[in-house]
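Worksheet: the structure to be examined is printed underneath.
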Amino acid sequence: MAPVRVSAVVLLALGCALAVATADVTTTAPSSPSPAPTGWLRADATFYGGADASGTMGGACGYGNLYAQGYGSRTTALSTVLFNDGASCGQCYKIACDRKTDPTWCKPGVTVTVTATNFCPPNWELPNGGWCNTTRPHFDMAQPAWEKIGVYSGGNIPVIYQRVPCVRRGGVRFTINGHDYFNLVLVSNVAAAGSIKSMEVKASDSNDWMPMARNWGANWHSLSYLTGKMLSFRVTITDGQTLEFTNVVPPGWTFGITIASNLQFN
Ligand SMILES: *[C@@H]1O[C@H](CO)[C@@H](O)[C@H](O)[C@H]1NC(C)=O
């Protein structure tokens with residue numbers, strides 16, 4: 001079969017898979033699928049961080065060790081328009097190489113789903129700010145994820161992508177850093193929309209939910225005195241689902257603690 005034909009079949013197959021997935025979501029969740037399907041959009045994709053993805057740890061979303069957090073090497077940095085000042089942290093994207101545009105460096109018939117964990121800044125030493133310039137949608141993916149869809153020597157490949165619901169194992173996790181009167185709470189392992197719209201905290205000695213603010217990436221802060229108190233979180237994700245994590249943080253907690261809840265968005 002000629003390469004051009006293969007790419008037509010691949011695109012058709014992708015279209016069918018999408019239709020099936022959408023139908024599934026509609027039957028199991030009669031409200032609206034999370035996130036709403038957008039259809040396939042165009043971007044480019046490069047890779048970073050090395051063959052073992054070690055260079056992708058840390059990152060502008062604040063998830064730290066991506067293996068420990070369950071994201072592994074299926075991760076990506078986003079250019080400015082996609083990153084949205086960190087509001088996109090935790091979102092999931094299904095990405096396919098656009099073989100019609102680039103039959104040489106695209107692997108046929110495969111997609112990879114990645115989580116946004118980092119920011120790809122523009123590089124103004126390159127003409128137009130490079131691949132990750134401020135107006136250009138671009139994925140700088142962990143190398144093992146990128147190599148699922150692209151041939152190493154290709155370097156930069158044209159892709160088609162869409163947001164998809166995130167699938168996570170286990171419940172939402174909270175890591176508390178900072179100090180007295182400044183609690184920095186990292187929210188990770190979020191399913192469905194993956195990204196957080198707003199967040200509140202309540203201490204067990206209070207009846208008031210206090211709003212938290214996004215500090216950076218997936219880190220939200222509170223300036224209240226919460227040290228050592230039993231805490232609850234109320235988290236709303238970007239598709240509008242809200243969950244209350246009642247007394248999820250035990251009394252006597254210390255800074256640096258990570259708590260895995262048993263609640264998850266669907
Ligand atoms: C980003 O790059 C594209 C393609 O090279 C170019 O058309 C666009 O003007 C650039 N944007 C900025 C803000 O430089």
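The values are calculated or read from the model by the stated rules, or taken from the named source; none is laboratory data. Treat the numbers as computed from the prediction; the structure is a model and nothing was measured. Note: ideal-geometry Cβ built from the backbone for every residue, glycine included; neighbour counts use all protein chains shown.
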Looking across the stretch 95-110 at residues that are of a type in the set (Val, Ile, Thr) and part of a loop (DSSP other than H, G, I, E, B), the single one that is nearest to the ligand (Cβ to nearest atom) is Thr101
Might you let me know whether the stretch 76-94 holds any residue that is part of a strand (DSSP E or B), within 16 Å of the ligand (Cβ to nearest atom) and not assigned by TED's automatic domain parsing to the domain that holds Gly217?
-> yes
Please verify whether the stretch 111-131 includes one or more residues that are within 15 Å of the ligand (Cβ to nearest atom) and of a type in the set (Ser, Thr, Tyr).
-> no
Hey, among the residues in the stretch 132-156 that are free of Cβ contacts under 8 Å to residues at least 60 places away in the same chain and closer than 23 Å to Gly217 by Cα, which one's farthest from the ligand (Cβ to nearest atom)?
-> Cys132
Look at Asn118 and say whether it is assigned to a strand (DSSP E or B), in contact with a strand residue (DSSP E or B) (Cβ under 6 Å, 6 or more places away or on another chain) and not assigned by TED's automatic domain parsing to the domain that holds Ile95.
-> no
Restricting to the stretch 121-163, what's the tally of residues that are among the charged types (D, E, K, R) and either assigned to a strand (DSSP E or B) or within 13 Å of the chain's Cα centre (by Cα) (or both)?
-> 2
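Anything in the stretch 118-145 that is over 23 Å from Gly90 (Cβ atoms) and of a type outside the set (Asp, Glu)? List them, or say none.
Asn123, Trp124, Leu126, Pro127, Asn128, Gly129, Gly130, Asn133, Thr135
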